[in-house]
Protein chains: 2
Amino acid sequence: MNEPTGGYHRPVALGKNYERQDCSFARALELLGERWTLLLVRDAFYGVRRYADFLAHLDIPRAVLAERLRTLTEAGVLARHRYSDSPPRDEYVLTERGRELWGMLHQLGQWGERHTSAGGPRRLFSHADCDAPLDPRGVCERCDRLVPPEEVEVRPGPGARDDLRDDPVSRALRQPHRLLEPLL
Amino acid sequence: MNEPTGGYHRPVALGKNYERQDCSFARALELLGERWTLLLVRDAFYGVRRYADFLAHLDIPRAVLAERLRTLTEAGVLARHRYSDSPPRDEYVLTERGRELWGMLHQLGQWGERHTSAGGPRRLFSHADCDAPLDPRGVCERCDRLVPPEEVEVRPGPGARDDLRDDPVSRALRQPHRLLEPLL
DNA sequence: GGGCTGGGTTCAATGAACGAACCGGAAGAC
DNA sequence: GTCTTCCGGTTCGTTCATTGAACCCAGCCC
């Protein structure tokens, strides 16, 4: 990213880019539109940070996970951060650039809730400071401000199912949790 | 879509769904996250409605286009509409459900502009009634309201390149144009 | 030294995307 | 009434990404 407008080229012309579209949607989708990528970013907002936890929560092939983490890190959406020197261990955290995706991600999720959740919302998002729900745009219904992700709390909604998976991340998400706070 | 929460299954378990995620992001991405789909929806907002025009503007394989149009129509994002009886011709227009995607799409595009458009924005979006620009959330900077797509005007920005493609849709988009109005 | 954990890489099989060719109905041109 | 073009597809062989199982290695822990 951050190449001059005319200079955006991947080393090999793979089938995943949209080179002939002069359009920022296309540029954004080359990075974010690959399979698994947005679910990975969602998990990062939920507070998932470690390779093994993404793996357990997403059922993603290991090679694909490694590649997506690399791509997102190179694009500056995630940053690799050493949290232990012995043994050497890194975690992946959202950068400011990554956190800017919250609004778009929340709207996508709300659209999905409206049109695919017949049993009621699977997750509820609220403004932690006000303890009031967010509207579909991500605005707090009490204080009427657009809530940044650090102030958002997620909790399971009436449509949630806890029988589908049983990994540490899913278990932790059955408790109310603030976005971006480490989950485990 | 609109299946009860527990009953969402595609007839064949293809590699494009995220069945084991109890999550509305995953449900939304099963539909919208496939290659080309969001660019197709973007074009629908720009006013593209006919098979041949999508084809000319996107450089998408014909079979893929036909399949995406079918999927989006079945999901209720697009509606097929007869505009001529002889010869029998249909066009694809966004439904209300599809138009609800505007906010999310605009935020995605703005994120792309900020991080991939070194030469300045490729497209400018403004509130047609106020003739004032939209902020990254899609709010008019003059009247301070969230602008619905019917009131949005697109025009080329300083970072636009008109040398990349020369199809009827791209040519039409070099003029200011209101979203959702037929382009051709 | 032997096993465990975290974070990967390798590789064969599968399945989606690509793109060029083909197709059929309905005008319109002659 | 035949010829051609346009539109909106379908068919099909090739290419490329995803999958999942196996393997790998470094560094604890005992």
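The residue that is surrounded by the fewest Cβ atoms within 10 Å (Cβ to Cβ), counting only those in segment B:56-90 that are under 26 Å from B:Asp166 (Cα atoms) and of a type in the set (D, E, K, R), is B:Arg62. Is segment A:27-46 home to any residue that is more than 10 Å from DNA strand C (Cβ to nearest atom) and away from chain B (no Cβ under 13 Å)? For segment A:27-46, residues more than 10 Å from DNA strand C (Cβ to nearest atom) and away from chain B (no Cβ under 13 Å): absent. Hey, does segment B:123-133 have a residue that's within 23 Å of B:Glu96 (Cβ to Cβ), among the basic types (Lys, Arg) and within 8 Å of chain A (Cβ to nearest Cβ)? For segment B:123-133, residues within 23 Å of B:Glu96 (Cβ to Cβ), among the basic types (Lys, Arg) and within 8 Å of chain A (Cβ to nearest Cβ): absent.
Name the residues in segment B:153-164 that are surrounded by 17 or more Cβ atoms within 10 Å (Cβ to Cβ) and over 22 Å from B:Asp129 (Cβ atoms), would you?
Within segment B:153-164, B:Gly159, B:Ala160 qualify.
Scanning segment A:57-87 for residues that are within 9 Å of DNA strand C (Cβ to nearest atom), out of contact with any Lys or Arg (no Cβ under 7 Å at 6 or more places or on another chain) and either modelled with pLDDT under 95 or not hydrophobic (A, V, I, L, M, F, W, C) (or both) yields a count of 7. Applying the set (1) surrounded by 13 or more Cβ atoms within 10 Å (Cβ to Cβ); (2) within 14 Å of another protein chain (Cβ to nearest Cβ); (3) more than 26 Å from A:Arg123 (Cβ to Cβ); (4) more than 10 Å from DNA strand D (Cβ to nearest atom) to A:Asn17 leaves exactly one unmet item: (4). Taken over segment B:85-118, the criterion of being aromatic (Phe, Trp, Tyr), closer than 16 Å to B:Gly47 by Cβ and within 11 Å of chain A (Cβ to nearest Cβ) is satisfied by B:Trp102 alone. Condition (residue is surrounded by fewer than 19 Cβ atoms within 10 Å (Cβ to Cβ), within 22 Å of A:Gln175 (Cα to Cα) and of a type in the set (Asp, Glu)) applied to segment A:91-108: is it met by at least one residue? No, segment A:91-108 has no match at all.
In segment A:137-147, of all residues being more than 17 Å from the chain's Cα centre (by Cα) and either free of Cβ contacts under 8 Å to residues at least 24 places away in the same chain or closer than 16 Å to B:Phe25 by Cβ (or both), the one that is surrounded by the most Cβ atoms within 10 Å (Cβ to Cβ) corresponds to A:Cys140. I'd like to know if segment B:136-151 contains one or more residues that are among the β-branched types (Val, Ile, Thr), facing chain A (nearest Cβ under 10 Å) and within 26 Å of B:Ala118 (Cβ to Cβ). There is at least one residue in segment B:136-151 that is among the β-branched types (Val, Ile, Thr), facing chain A (nearest Cβ under 10 Å) and within 26 Å of B:Ala118 (Cβ to Cβ).
The single condition among (1) touching a residue at least 12 places away in the same chain (Cβ under 8 Å); (2) of a type in the set (Gly, Ala, Ser); (3) away from chain B (no Cβ under 12 Å) that A:Gly157 does not satisfy is (3). Restricted to strands (runs of 3 or more DSSP E) entirely inside segment A:35-132, those with at least 1 residues that are within 25 Å of B:Glu34 (Cβ to Cβ) and either among the hydroxyl-bearing types (Ser, Thr, Tyr) or more than 13 Å from the chain's Cα centre (by Cα) (or both) are A:123-127. When the residues of segment B:57-110 are filtered to those that are closer than 29 Å to A:Glu100 by Cα and free of Cβ contacts under 8 Å to residues at least 24 places away in the same chain, the one that is nearest to DNA strand D (Cβ to nearest atom) is B:Leu58.
The values are calculated or read from the model by the stated rules, or taken from the named source; none is laboratory data. Computed from a predicted structure; not experimentally measured. All Cβ positions, even for glycine, are placed from backbone atoms using ideal geometry, and neighbour counts span all protein chains on display.
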